[in-house]
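Asker: Submitted below is the structure of interest, expressed as structure tokens.
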Amino acid sequence: MGNAYAGQVLRVNLTKGDWEVEELDMDLAERFIGGRGIGGKILFDEVDPNVDPLGPDNKLIFATGPLTGTGAPTGCRYMVVAKSPLTGTIGYANSGGYFGAELKYAGYDVIIFEGKSEKPVYLSIDDDEIELKPASHLWGKTTTETDALIKAELEDQWRAGDTRIACIGPAGEKLVRIAAIMTENSAAARTGLAAVMGSKNLKAIAVRGTKGLRVADGESFRGKVLELVDVFRDHPAYGQEGTMHVYGTAAGMALGNVAGALPTRNFSGGVFEAAEAELDPQVMKDTTTVRPKGCFACPIACKRISKTTAPGFEGHGEGPEFETLCLLGICCGVNNLQAIIKAGFICNEMGLDTISTGVTIACAMELYERGFLTEAEAGFKLNFGNAEALVALTRKIGLREGFGDILAEGAYRMAEKYGHPEVFIGAKKMEMPAHHARGLQGMGLGYATSNRGACHNSAMMSSAEFPAIGTGTITEGKPQLVKTNQELMAVIDSCGLCAFAPGVLMPEGILLLFNTATGLNFEWEDLMLAGERIWNQERLFNLKAGFTKADDTVSRRMLEEPLPDGPAEGNVLRLDEMLPEYYRLRGWDENGIPSEAKLAALGLD
Amino acid sequence: MTRIRIDYGKCTGCHHCETACSLSHLENIVNPKRSRIRVFTKGDTFCPVIAGPFTDAECTSKLSVIIDGQEYDECTICRASCPVKPVFKEPDNGIPLKCDMCGEPPNPQCVKWCASGALTLIES
């Protein structure tokens with residue numbers, strides 16, 4: 001056992017049904033940190049970027065970070081990496097919950113799945129005891145059913161209670177391109193990696209670990225955690241009385257509306273009439289929230305356990321997140337809170353990305369409203385605001401049933417099928433999250449240049465552009481800000497921390513936790529350089545996969561149609577003002593290709 | 001008398017207390033399975049349980065307890081390190097674990113790391 005790292009990589013060959021345990025290459029760890037960094041590097045080294053994402057030659061990598069499971073605040077995350085069946089780029093999806101920590105306690109930083117199993121299987125890990133078990137009886141089961149059934153197979157309730165499961169639902173099995181890998185209602189949601197898992201006939205991973213982890217300097221590490229927990233406890237957003245703890249991520253709703261940055265009716269506008277009424281987070285708190293829930297080692301606890309009681313939408317589960325409310329709700333013009341939450345529950349059960357699912361349904365609604373799609377084809381009167389259709393279609397997407405089979409391909413492929421690809425809103429074929437690219441120029445640049453398509457977390461520009469309303473429409477300085485934030489988020493994602501961690505930990509907390517846990521003696525610049533290395537490594541994968549400068553863009557609506565409402569009214573995304581400078585700052589040529597000097601400086605030559 | 005007050009209503013299930021306990025008792029090791037506090041989940045409720053006495057015999061009576069409509073197997077919320085439970089024991093050798101309030105005077109680290117307010121220190 002090393003420090004902070006578990007020190008082992010588990011490589012599973014699903015075609016042969018065997019596995020081997022390898023030592024974690026510590027040189028690799030120092031250069032790529034962990035999680036997204038190590039996962040991306042393994043993918044680049046071992047997978048041809050032109051591989052069929054849903055074929056046996058793609059690999060599916062689960063990678064934790066060095067701070068995952070150490071007790072560092074928010075240190076719970078794991079990253080899933082594979083070539084994406086949605087975008088064709090490198091795909092990565094991050095999840096909280098308890099799975100990542102448990103995997104490390106069992107002794108593994110990374111699992112690499114290769115090949116394809118002949119029959120459905122799940123991987124069982126109990127410290128050193130590893131087994132591929134039959135999963136035909138789990139095939140077709142929802143994610144919570146799968147979780148319960150696997151736990152029921154274990155010999156006692158205590159063992160079951162300690163076992164953490166990451167699995168796919170029906171959506172992943174049916175190769176839905178917007179499917180999410182779930183662990184106890186936390187989702188590794190984006191880029192459709194559950195479909196890669198489904199293509200390998202891998203239903204789930206169940207893990208229990210009793211080995212624990214070693215940190216290099218326990219006393220200093222504990223002292224720093226204690227100091228940070230005190231900051232979290234009284235923090236206006238993250239503390240016990242803080243908005244994120246009290247309301248969950250939905251706390252951002254009013255801010256999004258005031259900024260005019262909401263994805264109203266397939267991103268045709270930026271404000272939504274119900275955002276500060278039916279969809280106000282206080283309404284949610286008073287009517288549907290059962291209690292807050294925290295991921296492993298999280299002092300914030302922004303997750304919600306919720307219950308819906310409205311006739312036709314009864315349910316129990318987790319969520320909704322801000323993104324879920326916005327995309328399943330506002331993007332579809334739906335103001336019925338309980339219907340949105342119900343649709344979110346269904347996404348969790350089916351294993352679907354709520355962002356992509358919402359945008360895809362919204363895209364179908366726009367096609368319908370503009371007469372490009374008929375009621376006969378859709379099976380519904382698909383007008384914006386139709387809550388019943390939202391809930392019914394969500395389930396149909398997960399099951400690839402009827403019209404849902406077409407939506408299961410994602411918004412881009414659906415819109416193209418009906419002859420109107422311009423109705424798709426996103427980047428690199430991935431659906432856009434709930435932050436407008438027109439009022440928030442940096443966010444737009446982030447979407448255009450993200451290595452996995454339209455992603456709000458790759459540059460986390462919401463925290464930079466939301467609080468200061470008025471600066472969102474400015475392009476000046478944004479290329480540098482986006483570049484820096486992209487590298488910071490690569491560090492966060494690779495350490496195993498949450499996207500909300502920087503708000504309290506930056507930068508001294510992250511550095512101290514990293515150094516005292518790993519025993520490495522990094523400067524902040526070393527971590528950020530690793531972030532830049534990770535970003536460029538991902539870029540190289542995409543370039544090899546055939547992506548070019550032409551793909552560093554977003555849907556035409558963002559670039560050509562002025563925002564009709566809100567404080568950013570009249571704005572379009574002025575990408576051409578920012579992209580050349582962004583390339584220059586990155587040390588890339590005018591075609592977005594990294595220079596030899598840059599690659600040499602990053603050790604990627 | 002110093003006590004740890006546990007409020008199930010506030011626990012968010014983040015298990016941070018388990019990492020605090022193991023790190024403070026084992027110096028450089030974080031391992032919830034060796035922690036003297038464990039958080040168990042029952043329905044929508046998270047139940048922090050702090051290791052109490054060791055017993056070498058299983059209970060001869062079994063209880064179910066209903067609190068606010070939620071039924072608990074009493075073993076789930078019992079503090080004992082006992083033969084029927086693998087918790088509150090060293091995973092490798094079965095040596096029982098018991099909360100020691102992190103020494104004298106009491107300074108329990110689980111309470112210090114608990115951001116939700118589920119664990120507090122009180123005098124009574």
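No value in this document is a laboratory result; all are computed from the given coordinates. What you are looking at is a predicted structure, and each value in this text was computed from that prediction instead of being measured. Don't worry about glycine lacking a Cβ; one is built from the backbone with ideal geometry, like all the others, and counts go over all protein chains shown.
Asker: Pick from B:Cys59, B:Cys78, B:Cys11: which is most flexible by mean-square fluctuation in a GNM of chain B where alpha carbon atoms under 10 Å apart are linked?
Answerer: Evaluated over chain B, the most mobile residue of the options is B:Cys59.
Asker: Got a sec to turn the phi values of the range A:91-99 into Karplus ³J(HN,Hα) couplings, 6.51 cos²θ - 1.76 cosθ + 1.60 with θ = phi - 60°, whole Hz, x for Gly and Pro?
Answerer: x, 9, 9, 10, 9, x, x, 10, 5
Asker: Which whole-number percent is the relative contact order of the range B:2-123 (Cα, under 8 Å, 6+ apart)?
Answerer: It comes to 35 percent, rounded to a whole number.
Asker: Next question. How well do other chains shield peptide A:213-219, expressed as the mean number of their Cβ atoms within 10 Å of each residue Cβ?
Answerer: Details: counts 7, 6, 5, 1, 2, 8, 4.
Taking all residues of A:213-219 together, the mean is 5.
Asker: Follow-up. Under a cut-off of 13 Å between alpha-carbon atoms, report the aspartates and glutamates in cross-link reach of A:Lys483, not counting same-chain residues fewer than 8 places apart.
Answerer: By straight Cα distance, A:Lys483 reaches A:Glu532, A:Glu581.
Asker: If I take R0 = 45 Å and measure r between the Cβ atoms of B:Asp92 and A:Asn50 in this structure, what FRET efficiency does the formula 1/(1 + (r/R0)^6) give, to the nearest 0.05?
Answerer: 0.40
Asker: What fraction, in whole percent, of alpha-carbon pairs in the protein assembly as shown exceed 34 Å separation?
Answerer: 43
Asker: Taking the Cα centre of the range A:8-208 as origin and charging only Cβ (+1 Lys, Arg; -1 Asp, Glu), how large is the dipole, in debye to the nearest 20? Walk me through the numbers on the way to the answer.
Answerer: Working: 22 positive and 29 negative charges, 191 e Å.
The calculation lands at about 920 debye.
Asker: What average count of beta carbons from other chains do you get within 10 Å of the Cβ of residues in A:225-238?
Answerer: Shielding by partners across A:225-238 averages 2.
Asker: Let me ask another. For chain A, what is the mean residue ellipticity at 222 nm derived from helices alone (per DSSP H run of n ≥ 4: -39500 (n - 2.57); sum divided by total residues; nearest 500 deg cm²/dmol)?
Answerer: Calculated mean residue ellipticity at 222 nm is -11000 deg cm²/dmol.
Asker: Dipole magnitude of the range A:1-68 about its Cα centre, charges +1 at Lys/Arg Cβ and -1 at Asp/Glu Cβ only, in debye to the nearest 20?
Answerer: 280
Asker: Sticking with this one: If packing is taken as the average count of other Cβ atoms within 10 Å, what order do B:17-24, A:515-522, A:250-257, A:412-419 fall into, highest mean first? Let's see the in-between values first.
Answerer: Values: B:17-24: 26.6, A:515-522: 19.9, A:250-257: 22.6, A:412-419: 18.2.
Listed from highest to lowest mean packing, they are B:17-24, A:250-257, A:515-522, A:412-419.
Asker: OK, next. Per residue of A:307-313, how many C-beta atoms from partner chains lie within 10 Å of its own C-beta, taken as a mean?
Answerer: That works out to 0 on average.
Asker: Looking only at B:Pro48, B:Pro83, B:Pro96, which one moves most when chain B is put into a Gaussian network model with springs between Cα atoms under 10 Å?
Answerer: B:Pro83
Asker: Need the full-extension length gain, A:Arg556 to A:Val290, defined as separation in residues times 0.36 nm minus the C-alpha distance. One decimal, nm.
Answerer: Roughly 91.7 nm would be gained on extension.
Asker: For each pair in A:Lys285/A:Lys342; A:Lys41/A:Lys141; B:Lys62/B:Lys98; A:Lys104/B:Lys10, compute the distance between the two Cα atoms and list the pairs where it is over 25 Å.
Answerer: Details: A:Lys285/A:Lys342 15 Å; A:Lys41/A:Lys141 33 Å; B:Lys62/B:Lys98 22 Å; A:Lys104/B:Lys10 28 Å.
Over 25 Å apart, Cα to Cα: A:Lys41/A:Lys141; A:Lys104/B:Lys10.
Asker: Okay, moving on. Roughly speaking, what is the centre-to-centre gap between the range A:60-107 and the range B:15-49 when only Cα atoms are used, to the nearest Å?
Answerer: Here the two parts' Cα centres lie 21 Å apart.
Asker: Right, another one. Considering chain B as a Gaussian network with a 10 Å cut-off on Cα pairs, which listed residue, B:Asp68, B:Asp56, B:Asp100, attains the greatest mean-square fluctuation?
Answerer: It is B:Asp68.
Asker: Need one number: nm distance between label points at A:Asp405 and A:Glu369, each 7 Å from Cα along Cα→Cβ, rounded to one decimal.
Answerer: 2.9
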